[in-house]
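Scroll down for the structure; my scribbles are underneath it.
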There are 2 protein chains.
Amino acid sequence: MSSLTLEDIARLAGVSRSTVSRVVNEHPHVRDDVRQRVWEVIQRTGYHPNAAARTLASQRSWMLGLVLPRSVSSFFTDPFFPHLVQGIAHACNQYDYTLSLFLFATKDDEDKIFPRISRRGLMDGIILQAGQLGDKLIDRLLSSNIPFVVAGRPFHCDGVSYVDVDNVRASYRATEHLIQHGYKRIATIAGPDNSTVSVDRREGYLKALTDHGWLVDESLIVEGDFTEASGYRAMQALLPARPDAVFAASDVMAIGAMRAVHQAGLTVPGDIAFVGFDDLPPAAHGTPHLTTIRQPVHKFGAKAVETLIDLIEQGTQPARRIIMDTELIVRESCGTH
Amino acid sequence: MSSLTLEDIARLAGVSRSTVSRVVNEHPHVRDDVRQRVWEVIQRTGYHPNAAARTLASQRSWMLGLVLPRSVSSFFTDPFFPHLVQGIAHACNQYDYTLSLFLFATKDDEDKIFPRISRRGLMDGIILQAGQLGDKLIDRLLSSNIPFVVAGRPFHCDGVSYVDVDNVRASYRATEHLIQHGYKRIATIAGPDNSTVSVDRREGYLKALTDHGWLVDESLIVEGDFTEASGYRAMQALLPARPDAVFAASDVMAIGAMRAVHQAGLTVPGDIAFVGFDDLPPAAHGTPHLTTIRQPVHKFGAKAVETLIDLIEQGTQPARRIIMDTELIVRESCGTH
DNA sequence: GTGAAAGCGCTAACAG
DNA sequence: CTGTTAGCGCTTTCAC
């Protein structure tokens, strides 16, 4: 297929290169009949502007990078990631940005990838998923001066823009719901404490207990890694402590835990009540339907994109902090429906 | 941070722009001491070449696009996609390509996205996931002359390069396994027939039955859409037909179906045996562990990337056809362990 | 082995 | 409203 240039179109339409450029970029000051004529030639010839040339001349690539520093396990197991990616991709389509994906799991990958994401002229900005590996990247990103936003709160966030949900408050709410409905031995399946998500959700749980004058029973706190299998194992570890309710830091872990409960011949919520976190499809499909905290994952992704575009267009100072709301969705698993 | 150019490095190192370019691109004919000197300056200054300028001058962007035309439901539910993406991303890292992601669900999205993926100078090549929407894109891609490879066989594949697994053979094998172990009423939960995957897997099932002299009982064939929920519903529809074994076209549907079996008070494999397809993590976690066809999803993604790079470097003619092997993994759910 | 010079295809002042 | 003119930062012949 032809490799037409602006010049060719200009010649065919009998105008100058600049005019064609103006038409293509929808600049206002072009006479209607000229615009028509140029458009027609463009349509007829199937001309597409060359992205690299445009980027070079305008210093704007209209590309955003999504960096996912992920241990393999949860990226595959947890529907959270596909949803987040979808939210981000959708927003990129909407704002006419192209999305690039940088997945990596190891330090080696990071060293290899960083030069690519920071090559000038490639990415207008970066969305970085928070996480242990990610935090090391933040410093590099800060000093590379490329606009970026973190999806989820990083541990060190001086001068860093991020989007997050109020995990403490949400977990507090979930735990309080169980307290208010008379449960007496409320356990939690927490996430690994190398992420702020886990730390915050654990904190919300603890705060709810102590605010209601309870003593914290360490045997009721077990750690998983956000996989279904880890929820299952965590519950097995929890059973001897005889909890009557469990707040799990993710739906997927709650589902694994409920599997362990059923296998032990107990019922949900009859013997043990459950509240999860996320409210993605699996939550509604489980048996019984899961009471959970709804995170606006899709909007969360979109908000990250919008914040990043704001950073690109308005400058990165001051850092933006966006906290999104969550909602307690009461279904059957907590026995209060 | 500084925005150094080749020119700056050249001046600092006391050489010409061309020499710096040669060093950066690892060309052979540069004197060792000069190379050293230049490298040192590059290191010291933290210089990164500008990607757009390089792309413009060399007509090579080192970017690959992954187009996922997906109905929302299965992209989220099925671990197949994250795995595929991971396989592709990993291979891109390895071959030093940057990966761009184009997700879309509707015709509108397609119209909006196509100009972006086909903008000259942006993508060196495209990986397209097969699927109903995708097939419309193939014609556009063919006439746009950009190298592309389809992940999964498309319905019309004249002149199209693709990577696929032998779904017919694999399903034949799965069904035959059930036949050989004495099951008499073998049902299938098929996929929607708008994809070759579904069609092929159904064909393998049918072929195994007829090759063994069986008559096909239409009441034993039910269609799902690769979601867990659809597997559940399909099984409910299947129960009155009293199957003693089920071949499901995906693990996720098998898991949904087994849930329906359990809920009906029946056991797996005691009352109904199961074989799935995929062998991704959920398969091994279910109760009981799922017998299934293992697809090399990760390698599949890598192979797609390698094929695409071959297309880019060696030309797109003739079209390449790669068929990958599968393997029957026998676990408990088929009762023959 | 190294440098000079000519683009790659587009944007964006600046004139007119 | 439209055309002219410089670049954007790099690669790549082609001389030397």
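Quick notes on this structure:
- For B:V41, the criteria (1) modelled with pLDDT under 90; (2) not assigned by TED's automatic domain parsing to the domain that holds B:I126 hold in every case but one, which is (1).
- Taken as a whole, the range A:41-49 holds no residue that is within 13 Å of DNA strand D (Cβ to nearest atom) and polar (S, T, N, Q).
- Each residue in the range B:280-337 was checked for being touching a helix residue (DSSP H, G or I) at 6+ places or on another chain (Cβ under 8 Å), farther than 25 Å from A:S74 by Cα and not in a loop (DSSP other than H, G, I, E, B), and 5 of them qualify.
- When B:D325 is tested against (1) away from chain A (no Cβ under 14 Å); (2) acidic (D, E); (3) without any contact (Cβ under 8 Å) to a residue 60 or more places away in the chain, just one condition goes unmet, and that condition is (3).
- Those residues of the range B:212-232 which are assigned to a loop (DSSP other than H, G, I, E, B) and exposed (fewer than 14 other Cβ atoms within 10 Å of the Cβ), in sequence order: B:H212, B:G213, B:L215, B:V216, B:D217
- Elements of the type helices (runs of 4 or more DSSP H) sitting completely within the range A:1-115 and holding at least 2 residues that are within 9 Å of chain B (Cβ to nearest Cβ) and in contact with a helix residue (DSSP H, G or I) (Cβ under 8 Å, 6 or more places away or on another chain): these cover A:51-58, A:72-77, A:80-95.
- Residues that are in contact with a Phe, Trp or Tyr (Cβ under 8 Å, 6 or more places away or on another chain), modelled with pLDDT of 95 or more and crowded, with 20+ Cβ neighbours inside 10 Å, drawn from the range A:192-211: A:R201, A:G204, A:Y205, A:A208
- The single condition among (1) without any contact (Cβ under 8 Å) to a residue 24 or more places away in the chain; (2) closer than 27 Å to A:Q295 by Cβ; (3) not β-branched (V, I, T) that A:A51 does not meet is (2).
One line per residue, one yes/no per condition, for (1) surrounded by fewer than 17 Cβ atoms within 10 Å (Cβ to Cβ); (2) farther than 19 Å from A:S61 by Cα:
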position: B:S18; (1), (2): yes, yes
position: B:R22; (1), (2): no, yes
position: B:H27; (1), (2): yes, yes
position: B:W39; (1), (2): yes, yes
position: B:A51; (1), (2): no, no
position: B:A57; (1), (2): yes, no
position: B:V67; (1), (2): no, yes
position: B:F76; (1), (2): no, yes
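- Condition check for B:H48: under 25 Å from A:L66 (Cβ atoms), in contact with a His (Cβ under 8 Å, 6 or more places away or on another chain) and more than 8 Å from DNA strand C (Cβ to nearest atom): no
- Within the range A:93-117, tally of residues that are surrounded by fewer than 22 Cβ atoms within 10 Å (Cβ to Cβ) and hydroxyl-bearing (S, T, Y): 2
- Only one entry in B:V261, B:V330, B:V305 is more than 14 Å from chain A (Cβ to nearest Cβ) and in contact (Cβ under 8 Å) with a residue 24 or more places away in the chain, namely B:V330.
- Selection status of B:Q36, farther than 24 Å from B:T98 by Cα and not aliphatic (A, V, I, L, M): yes
The values are calculated or read from the model by the stated rules, or taken from the named source; none is laboratory data. Everything quoted here is computed from the prediction, not taken from an experiment. In this analysis, Cβ positions are derived from the backbone assuming ideal geometry, glycine residues included, and neighbour counts consider all displayed protein chains.
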